[in-house]
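Here is the structure we will look at, set down as structure tokens.
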Amino acid sequence: MGMKTDSQKSIEFRSVGFRLSNGRALLSGLDLEVYQGETLILLGRSGCGKTTTLKLINRLLDPTEGEVRVEGTATTRWDPIRLRRRVGYVIQEIGLFPHLTVEENVGVVPRLEGWEAEKIRARTRELLDMVGLEPGRFATRYPRELSGGQRQRVGVARALAADPPIILLDEPFGALDPITRREIQQEFRSLQKRLGKTLVFVTHDVREAFLLASRIALLKDGKMVLLGQPADLLNSGDPEAKAFADCLHDPDSPEGSA
Amino acid sequence: MNLWEFLLQNRAEVFELTLEHLFLVGLSTGIAILIGVPLGIMLTRWPALSKPVLGFANIMQTVPSLALFGFLIPLNIYLFHVRILGGIGARTAIVALVLYALLPIIRNTFTGISGVDPAIREAGRGMGMTNRQLLFQVEIPLSLGVIIAGVRVATVISVGTATIAAAIDAGGLGRYIFRGLRMNDNTLILAGAVPAALMALVADLVLGWVEKIFKTGVGGWLKSAKVVWTSLLLALGVIVWSSVTLYPGKTERRVAVGSKDFTEQIILGEILAQVIESKAGVRAQRRFDLGGNLAHEALVAGEVDAYVEYSGTALTAILKLPPLSDASEVYRRVKSEYAAKFNVEWTEPLGFNNTFAILVRGEDARRLKLKTITDAASYAAKWRAGFGQDFMSRPDGYAGFARAYGLKFAQLREMDLSLTYRALVDHQVDLIAGNSTDGLIARHDLFQLTDDRRYFPPYDAVPVVRQETLERYPEIRNVLRLLGGLISVDEMRQLNYQVDGEHRAVKDVVREFLQKKGLSGNG
């Protein structure tokens, strides 16, 4: 990977730390750049600071040290509402609005942005097709009438709705059974190639990381211990990187091998 | 007459009272929603406020309604020249009902919105919803079921509480219940209670159904937002419309005639009203059935222009002066005190004295050969006595009475005056303090013991009128003069019996009586 110019940097972390009001540090000294069109995987155990890192990007949290820049501007200088509408957000299935139909869930951001009803409708159908949900069957269903995998597809479609250049995904496939997960990961991979968006993807599943990553950032106890391409993780001497690399080859892994 | 026959015969009146009741409940619940829902939402934004606000609403619910009315009536609060608080009638009843309905609505709004899954709230924020959008598109729609459950509880409470509004002339089905209690008439009590219970059941079912719809989730945020706005607008519309009907213009020539909440008072109020209408040509607005001291408070507050008061009551209970036994002395005293203190004039006495009647069952009086209270004093130690709240608390009531005759009862029960007659007849108590003019005395074979020590001061019935009213309508003074000495004790007892015993309409009884006295029609 050659030198990237500033204009290609989608997101930058500059010596970023985040501390709770009780003084506990969830993240410290993070320096990281995410380039346009790449998929950066934030990998690590539960509680390592992955989700905190993600929430610093769309200003659900503000850094207590350093600054996070999105498209060259510090997040603290962005209007949070405008920022969040430029950044798609996918969380585990629970993030769908239970009182809205599939179609209405997908259309949330376009509606907030004041699109015309006809345009929203067309876009919604297009996206449902794209994530493999037949609009005629699914558009008017409620989230509770869907399977876990279908809900997650709706979540992805919703994040894509207003065509944001950046999409954040917080363990989007974590709650799915292994087979469905593998299917949806494969589909997501082809989608990713077609769309060319900047993706920041949080997971603790090293297979998922290898399947989808341009680069992987490995976090441990609020610090980044490794940043590089998937191959770098395999070759690293870092004990945490070794632990994750071992999972990848472990034939007893509950995820099994594809 | 059974309940069904009664409801059929009086269906027009039943319908009107039901409408009044619905109006009280609907308007007060509507206002409570307009206050309670935003307040509940505010509490979710400033949770530190939730304890004091919910605590206040909680306390309001425990205040007895009559006490709340007593507190609200003397208030005089205006907003843009419209009186929004105080006085008797629907206005005060609605304020009280709103206070009662607030707690469940605030509490459910607060818990409903606080209970929305934080992950869903975060998803909304992460998608770039403003606080307002989050509130109207996510939080309110998701908690609507819980909020409506609160409205449902508030509505059912209001249907029940609104029956008490009849005590301050606010109408509703409570009129039948109060009238029934007063006249010892089960049919009448049921005629008020059964429709009110049905109304509560229907409200509960309908709102339960609405609640279920919202809990299982109606589709569409737009739909939900529309529902919220439409219901807010509707509630607002009802409130504006009813404010217009509640606050009529004051230009009309009319006089408000009041009465306390027992039969004799309603008959006397009707006599004043009919005579003022036919002889002075001024429209009379009837504001009858005012409980406790409310008639006096309403008179002083200008809500009522005239009613009939009893001289002894005015002397001791209102002016708080020591009892006197000489009738003309009492009259002279209250007349001058009222003129100086309240700008109210005592006109000519009507001619009868409604004193306390110490009553026992006729069979006991005959068996024990009782004539006077002194005769009965020796049995008191074995007897249970039942007295109204009024008699227990007034200075010329129980305390002095027991002292004057050296009485000590085996048991003393304090209850509503109208219930004491029933309790005596049913052998629940053995001695009560009724009114000497009461029609029920003859009907139930009760015996009045003579006040041989002349303990009770005179209670001459006299119309009292605001001086301001007499200045505005001087003809009323002449009209009231016609009533001087018009009614004897016997006649009063007869009139009471025709209403209480024979269940005749007050209007007809009074019209007949005035005809007989040559006071009907013009001339």
**Complete:** So the angle from the long Cα axis of helix B:186-215 to the longest Cα principal axis of chain B, reported in degrees to the nearest 10, equals 10 degrees
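Stick to Cα atoms and the Kirkwood definition of Rh, then tell me Rg/Rh for chain B. Please report the intermediate quantities before stating the final value.
Details: Rg = 26.8 Å, Rh = 25.6 Å.
My calculation puts Rg/Rh at 1.05.
What is the ratio of the Cα radius of gyration of the range B:288-331 to 2.2 N^0.38 Å, with N the residue count, to two decimals?
Details: Rg = 11.5 Å, N = 44, 2.2 N^0.38 = 9.3 Å.
Computed over Cα atoms of the range B:288-331, the ratio equals 1.24.
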**Prompt:** Under 25 Å Cα-Cα from B:Lys369, which lysines qualify once same-chain neighbours fewer than 8 residues away are excluded?
**Reply:** B:Lys382, B:Lys408
**Request:** Largest first and in whole Å, give the semi-axes of the range B:409-471's equivalent ellipsoid, each being the square root of 5 times a Cα gyration tensor eigenvalue.
**Result:** 31, 15, 13
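Could you work out the helix-only [θ] at 222 nm for chain A, with each DSSP H run of four or more residues adding -39,500 (n - 2.57) and the total divided by the number of residues, to the nearest 500 deg cm²/dmol? Can you show the working numbers first?
Numbers: 11 runs with 98 residues, N = 258.
After summing the helix terms and dividing by the residues of chain A, the value is -10500 deg cm²/dmol.
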**Message:** Rounding to the nearest 10 and keeping the result within 0 to 90°, find how far the Cα-based axis of helix B:11-45 lies from the longest principal axis of chain B.
**Reply:** 50 degrees
**Item:** Straight-distance crosslink candidates among aspartates and glutamates, where the alpha carbon sits under 19 Å from A:Lys119 and sequence neighbours closer than 8 are dropped
**Value:** A:Glu103, A:Glu104, A:Asp129, A:Glu134, A:Asp163
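Hey, could you grab the Kirkwood Rh for the range A:146-200? Inverse mean 1/r over distinct alpha carbon pairs, Å, one decimal. Could the numbers behind the result be given before it?
On the way: mean 1/r = 0.0857 Å⁻¹.
Over the range A:146-200, the inverse of the mean reciprocal pair distance is 11.7 Å.
With a Förster radius of 41 Å, plug the Cβ-Cβ distance of B:Asn2 and B:Lys369 into 1/(1 + (r/R0)^6) and report the FRET value to the nearest 0.05. Don't jump to the answer; show the numbers that get you there.
Values: r = 41 Å, r/R0 = 0.99.
E(calc), rounded to 0.05, equals 0.50.
For a distance above 25 Å, tell me the whole-number percent of Cα pairs in the range B:4-116 that qualify.
Details: 2310 of 6328 pairs.
Here the tail beyond 25 Å accounts for 37 percent of pairs.
Working from the alpha-carbon coordinates of the protein assembly as shown, get Rg over Rh, Rh being the Kirkwood radius.
On the way: Rg = 39.3 Å, Rh = 32.4 Å.
Expressed as Rg/Rh, it is 1.21.
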**Prompt:** Could you state the number of Å between the C-alpha centres of the range B:290-346 and the range A:189-254?
**Reply:** 92 Å
**Asked** Of B:Phe342, B:Ala399, B:Gly485, which is farthest along the charge dipole of chain B in the positive direction, counting Lys and Arg as +1 and Asp and Glu as -1 at C-beta?
**Response** B:Phe342
**Asked** For the range B:348-437, what percent of Cα pairs sit more than 17 Å apart?
**Response** 48 percent
**Fill in**
Rounded to the angstrom and largest first, Cα extents along the principal axes for chain A equal 52, 48, 41
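Note down the magnitude of the dipole of chain B about its Cα centre, charges +1 on Lys and Arg C-beta and -1 on Asp and Glu C-beta and zero elsewhere, to the nearest 20 debye. Intermediate values should be presented prior to the final figure.
On the way: 55 positive and 49 negative charges, 213 e Å.
So the dipole magnitude of chain B works out to roughly 1020 debye.
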**Size of electric dipole in the protein assembly as shown: Cβ of Lys, Arg +1 and of Asp, Glu -1, about Cα centre, debye, nearest 20** = 740 debye
**Request:** Taking the dipole about the Cα centre of the protein assembly as shown, with the C-beta of Lys and Arg at +1 and of Asp and Glu at -1, give me whichever of B:Ile266, B:Gly434, B:Ala119 is farthest to the positive side.
**Result:** B:Ala119
**Complete:** A student asked for the Cα radius of gyration and Dmax of the range B:363-511 in angstrom ought to give 18.4, 58
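Given Cβ point charges of +1 (Lys, Arg) and -1 (Asp, Glu) and nothing else, what value in debye, to the nearest 20, does the dipole of chain A about its Cα centre take? Intermediate values should be presented prior to the final figure.
Numbers: 37 positive and 36 negative charges, 124 e Å.
So the dipole magnitude of chain A works out to roughly 600 debye.
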**Fill in**
Reduced to Cα centres, the span from the range A:1-71 to the range A:107-149 in Å works out to 31 Å
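For the protein assembly as shown, give the share of DSSP beta bridges that are antiparallel, in percent and rounded to the nearest 5; count only bridges with both residues there. It would help to have the intermediate numbers written out before the result.
Values: 39 of 73 bridges.
Beta bridges within the protein assembly as shown, antiparallel portion: roughly 55 percent.
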**Prompt:** Exposure proxy check: B:Phe262, B:Phe71 ranked by fewest other beta carbons within 10 Å?
**Reply:** B:Phe71, B:Phe262
**Prompt:** Given 10 Å bins starting at zero, what is the percent of C-alpha pairs of the range A:1-104 in each, up to the one with the largest pair distance?
**Reply:** 13, 41, 32, 12, 1
**Request:** Could you tell me which of the pairs A:Lys55/A:Lys242; B:Lys260/B:Lys516; B:Lys260/B:Lys320; B:Lys320/B:Lys371 are separated by over 22 angstrom between their Cα atoms in the structure shown?
**Result:** A:Lys55/A:Lys242; B:Lys260/B:Lys516; B:Lys320/B:Lys371
**Message:** With bins 10 Å wide starting at 0, give me the P(r) of the range A:169-258 over every alpha carbon pair, in whole percents.
**Reply:** 15, 48, 33, 4
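Divide by every residue of chain B the summed helix terms, -39500 (n - 2.57) for each DSSP H run of at least 4, and state the resulting mean residue ellipticity at 222 nm, rounded to the nearest 500 deg cm²/dmol.
-18000 deg cm²/dmol
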**Prompt:** What is the Cα radius of gyration of the range B:89-219 over 2.2 N^0.38 Å, N being its residue count?
**Reply:** 1.40
**Message:** Quick check: the angle from helix A:117-130's long axis to the longest principal axis of chain A, C-alpha only, nearest 10 degrees?
**Reply:** 60 degrees
**Request:** Run down the aspartates and glutamates and flag those whose C-alpha is under 13 Å from the C-alpha of B:Lys279, throwing out any fewer than 8 positions away in its chain.
**Result:** B:Glu475
**Item:** 10 °C / 1.306 mPa s Stokes-Einstein diffusion coefficient of the range B:95-148, Kirkwood radius on C-alpha pairs, µm²/s
**Value:** 133 µm²/s
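Rule-based calculations on the coordinates, nothing more; no lab input. Nothing here was measured: the structure is a model prediction, and the numbers come from that model. For neighbour counting, all protein chains shown are included, and Cβ atoms are generated from backbone atoms with ideal geometry for every residue, glycine included.
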